[in-house]
Amino acid sequence: MEFLLQPLTLMTFFPLVGVLVILFTNSERKNLIRWIALVASLLTLLISLWMFSQFDATNPNLQLEAKYPWIQVAGWNIYYYMAVDGLSMLLVLLTTFLTPISILSTWAAVEERVKDFMIFFLLLEVGMSGVFLAQDLFLFYIFWEFTLVPMYLLIGIWGGPRRMYAAVKFFLYTMAGSILMLLAILFLGIKTQTFNVPDMLALLPALYSSGAIPAQTQMWLFIAFAAAFAIKVPMWPLHSWLPDAHVEAPTAGSVILAGVLLKMGTYGFLRFNLQLFPNATVQAAPVIALLATIGIIYGAAVSYAQQDVKKLVAYSSVSHLGFVMLGMFALNAQGVAGSILQMINHGISTGALFLLIGMIYEQTHTRDIKVYGGLWKITPIFGTMMLIASLSSMGLPGLNGFVGEFTILLGAFGSQAIGSPWYAGVSAAGVIMAAVYILYMFQKVFLGPAGEITHHHELKDLNWREIATIAPLILFMFWIGLYPKPFFDILAPAVEKLLAALPL
């Protein structure tokens, strides 16, 4: 009973209660199934807030630990080990926050096999929460791989016309990188005789200094982990699965893919690469910064070239997450804290854009920018929400995107690890390019003369359910943009501890 009532365990696995109830609900009662899934996700959010109330933001160490022997064979002890610190707390809250919002967005969008959809969505929440909380590499890998299955099914069953192509591409790309990470996990486990991350962190410095794990081997281990995480981020040039997955995924799938699943990759770098392989991290920082800078410019340029508004937002994620990686590998307090905050900002801003695009798509069944025009006069509430989300995404001062990007660029300019301010200088152009493609999209869709869609459809403005879906995201855009101090306070102690362990 103590195991089940532990806050992290209860929060991670509570969505399974919703899954069990839905399993015994008649599949024809679609609205009841939707309500069960929504209530289960809202209760999970409340549990995560209860967990947060017990979290000490001034403590940089792991907290609320749940550690139980799990697999014991031939002298090996693998633990069920869950814990949270400042590096993961905001990402856990983002997961439990976006899940009910995504479920609420499906009310009119998902009509076929609603029972199956809600089961897979709640299972996905279990996997995502587990990734951010697992402190045993074996347990982490199970949660990491587990998330592939429900997301594959959500894209493959409820996606667009090319859904199977996108689903298989998503699965194979991610699985390919994960195999390399698994081999590295096995190597570390054999060398340290543990998969427990805190124990491993205590043992590795002696193995590195004695030459038991040579510097070259440490770099190969870094690369093996980085392969899995870079694909998930996705970093240029490993990004090609992302636009297909986003465009073909149902709206709720796109929101959770952009909002949470991509952050599993950036979090992996933060939690494992930077801590397990400190020397390799410092050596690789200029290379990662170069790839991130290319991704920022490339993603922005390709976004401008898109005529599918959903694909435009999908490619913008390549650019925005380039900023996240640039700040992280600046390896200073400003860059890393800005990087983590920008993970949250991207989930909020891009999640809102995908939700809004999905809402208009439900009425028009097209995402072609050329056929829109003049929507502002017809749908002023929708236009206002879209304007705020767009300005947030492009980093307007006063909204959340600006705070993250400014802090990242500040860290990158003064980074000893990167070694040159040019990375930050070139990346700053990405902010201007974001304004270009975002304002281009907004002008084409909402302003100017009425387009073909406007003439041939009696478009309706957002209803109360749609407003309720978007409003919490809008609130956080302004909160973080105007008063980010509480968020940085959560991050600061854990970031300082992380950086203190690096050989800078």
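No lab work stands behind these numbers, since they all come straight from the coordinates. Quick caveat: nothing in here was measured; it's all calculated off a predicted structure. So basically every Cβ, Gly included, is an ideal-geometry build from the backbone, and we count neighbours across all protein chains shown.
Miscellaneous remarks
- Take the Kirkwood radius over Cα pairs of segment 387-491, plug it into Stokes-Einstein at 20 °C and 1.002 mPa s, and you get 131 µm²/s for translational diffusion.
- Among the helices of the chain, those built from whole DSSP H runs whose Cα atoms reach 27 Å or more along their own axis and whose mean Kyte-Doolittle hydropathy is at least -1.0 are 30-53, 114-133, 163-192, 278-304, 309-328, 333-364, 422-446.
- For segment 278-498, the Cα-based Rg and Dmax, in that order, read 18.4, 61 Å.
- DSSP-loop trypsin sites (Lys or Arg not before Pro) across segment 398-504, with at most 15 other Cβ within 10 angstrom: Lys460
- Placing pseudo-labels 7 Å out from each Cα toward the beta carbon at Met164 and Ala301 gives an inter-label distance of 3.6 nm.
- By average C-beta atoms within 10 angstrom, highest first, the peptides 50-56, 417-423: 417-423, 50-56
- Computed from Cα atoms alone, the Kirkwood hydrodynamic radius reported for segment 1-79 is 15.0 Å.
- Modelled FRET efficiency - R0 25 Å, Tyr483 with Val436, Cβ distances, 0.05 increments: 0.30
- When only the Cβ of Lys, Arg, Asp and Glu is charged (+1, +1, -1, -1), the dipole of the chain relative to its Cα centre reaches about 500 debye.
- Full-extension gain in nm, Ala202 to Glu496, via 0.36 nm per residue minus C-alpha separation: 104.1 nm
- Reachable aspartates and glutamates from Lys497, criterion Cα separation under 14 angstrom, eight or more residues apart if same chain: Asp85, Asp489
- Projected over every direction and averaged, the convex hull enclosing the alpha-carbon atoms of segment 220-373 yields 8.6 nm².
- The Cα trace of the chain gives Rg and Dmax of 22.0, 74 Å, the first to one decimal, the second as a whole number.
- Placing R0 at 35 angstrom, the Cβ-Cβ distance between Asn279 and Leu447 gives a FRET efficiency of 0.10 after rounding to 0.05.
- Per-pair calculated FRET efficiency, R0 = 56 Å: Trp220 and Leu475 via Cβ, rounded to 0.05: 0.80
- Unsatisfied cross-links (Cα-Cα over 26 Å) in the set Lys310/Lys460; Lys115/Lys232; Lys370/Lys460: Lys115/Lys232
- Relative contact order (%) - the chain, alpha-carbon pairs under 8 angstrom, separation at least six: 15
- Farthest positive-ward along the chain dipole, Cα basis, beta-carbon charges - from Gly75, Met164, Trp422: Met164
- Gyration tensor verdict on segment 45-127 (Cα atoms; rounded if a/c is under 1.5, prolate if a/b is larger than b/c, oblate otherwise): oblate
- When GluC sites (Glu not before Pro) are flagged only if DSSP places them in a loop and at most 11 other Cβ atoms lie within 10 Å, the longest unflagged stretch of the chain comes out as 113-457.
- Near-label residues of segment 381-403 by backbone N, under 13 Å of a point 7 Å along Cα→Cβ of Ile467: 381-385
- In this label model, Trp35 and Val73 are separated by 4.6 nm, measuring between points 7 Å along each Cα→Cβ vector.
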